[in-house]
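Below is one structure, written out as structure tokens; comments come after it.
The values are calculated or read from the model by the stated rules, or taken from the named source; none is laboratory data. What you see is a predicted model; the values in this text were computed from it and never measured. Cβ sites come from the backbone with ideal geometry, for glycine too, and all protein chains shown count toward neighbours. When the accessible area is computed, the model is the full protein with side chains, heavy atoms only, and any ligands, DNA or RNA have been set aside. Shrake-Rupley method; radii C 1.70, N 1.55, O 1.52, S 1.80 Å.
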Amino acid sequence: MNQLILSNTYQLFRYAIIALLLIGTQPYAAIAQVIQQDQLKQLKYRHIGPVGNRISSVAGVAGDPLTYYVGAATGGIWKSTDGGIAWKPIFDDKPVHAIGALAVAPSDSEIVYAGTGESFIRSNVSIGNGIWKSMDGGETWTNIGLENTGRISRVVVHPTNPDIVYVAAVGHAYAPQKDRGIFMTEDGGATWKHTLFVDQNTGASDVVMDPFNPRILFAGTWELKLKTWNRTSGGPGSGLYKSVDAGKTWTKLKSKGLPKTTIGKIALAMSPAQKGRVYAQMETGDGIPLDGKATESGELWRSDDTGKTWKMVNANRDIGGRQAYYTRCAASPDNPNEIYFIWAGFSRSIDAGKTLEASAPGSQPNWDHHEMWIDPLDGDRMIVVGDGGLSISQDRGKNWKRTQLAV
């Protein structure tokens, strides 16, 4: 092998010397022909590092500890079928590389939906080209629409009908546009309905379905304006919405206990362990006046009556950190008082959000965490993705198997 490499290198070196000697007398086209194409074809591209970049989305299969999907901020979709030991890229031939959201149909694990465009906002995030669907576990993909949504932040699939899908779209956000908000399909993506639209500066940062009743959904809308010199996160368009007719119509909540002044990005979580429990993580100004106007204080709100009333339960900044870039939470499926917060660090509450336990350096999944999936059938099994790659735990976060992908 070493002799072959030396021989090929020597041949290329010879051709390069000949080309240099001929520069003064031969036209450039003739010089290029000196280096034989069959010699160049012997060279193969390979990844020499560094490995690792932002992983921005993740999904698993309920009850299946072997199958996971992750989506990179700039590296397509990867799949593991052996519990995260080996990973295979399954989206490299598609004309988009930013994956904002992944979802596996609960009733058919071969059906996978991928929303493109990263929703974790910073100066160099990439937009997408709508939503893609696979009917064979990621072997083949078809674009099924919403090409102008820019950034898709969440995809939710109905628990028993894989053709009913909800999409939360942030929008490209660089200018006013209509393709923002909540979209739904009832025919697997053949047609789409735009069921929640606030205004052309407001998209949707999250949507969650009630695990006890699929007709009930909550959505967080997010007013976001991006310029090359500025980012404005929040405004009158941001708010919390509820649907009781399977997403066909929406009502903005003005319930007791919710913020009264302007808010920003919203993340949502519900748990099948307690009916009526809803967590809402909201970006506020922490009480500091903005443009001469008062702002709310708080980071986490909770409702125990399916959104009729709310209470601000925690104002710790470690819940959200840099909200436009983070703001994600995940509730345990078997303990309604256990909720995780994904940001630069990694935090957990075991008392319904009242107090916070921040993971010590070295014990958290990785760094700059962005998304988390917990097995709905096993609260001990979880996967967290972020700038440090992906991390899988089988013991409720006590230990992590960390992996970086060649993205």
> For the chain, modelled as a Gaussian network with Cα springs under 10 Å, which listed residue fluctuates most, Lys256, Lys41, Lys94?
Replying inline: Lys41
> Can you give the accessible area per residue of the range 62-141, in Å², using a 1.4 Å probe?
Replying inline: 36
> Which of the aspartates and glutamates could be linked to Lys79 by a straight reach, that is with a Cα gap under 17 Å, when you skip same-chain ones fewer than 8 residues away?
Replying inline: Asp64, Asp92, Asp93, Asp108, Glu110, Asp136, Glu139, Glu371, Asp375
>> Restricting to DSSP H runs of at least four residues, report the calculated mean residue ellipticity at 222 nm for the chain, -39500 (n - 2.57) per run over all residues, nearest 500 deg cm²/dmol.
In response: -2500 deg cm²/dmol
>> Need the list of lysines near Lys260 for cross-linking: C-alpha distance under 25 angstrom, and skip anything on the same chain fewer than eight residues off.
In response: Lys225, Lys242, Lys252, Lys293, Lys308, Lys311, Lys354
>> Please report the spacing between the Cα centers of the range 348-407 and the range 311-329 in Å, no decimals.
In response: 16
>> Could you report the range 154-194's accessible area per residue, 1.4 Å probe, as an integer in Å²?
In response: 37
> Counting only protein heavy atoms, what percent of the accessible surface of the chain is carbon or sulfur at a 1.4 Å probe?
Replying inline: 55
> Residues with amide H under 5 Å of Asn129's amide H, sequence separation 5 or more or different chain, H placed in the peptide plane at 1.01 Å from N; which?
Replying inline: Thr116, Gly117
>> Run the simple label-point estimate for Lys248 and Lys260 please: 7 Å along Cα→C-beta, distance reported in nm.
In response: 3.6
>> With every protein chain kept in place and ligands, DNA and RNA left out, what is the accessible area per residue of the range 255-407? Probe 1.4 Å, answer in Å².
In response: 39
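Exposed loop chymotrypsin sites (Phe, Trp or Tyr not before Pro) only (DSSP loop, at most 11 other Cβ atoms within 10 Å): please give the longest stretch of the chain free of them, not including the sites.
Numbers: sites that count: Tyr45, Trp229.
Longest stretch, sites excluded: 46-228.
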> For the range 264-407, what percent of Cα pairs sit more than 23 Å apart?
Replying inline: 34
> Hey, what's the Kirkwood Rh for the chain if you take every pair of different alpha carbons, in angstrom?
Replying inline: 22.4
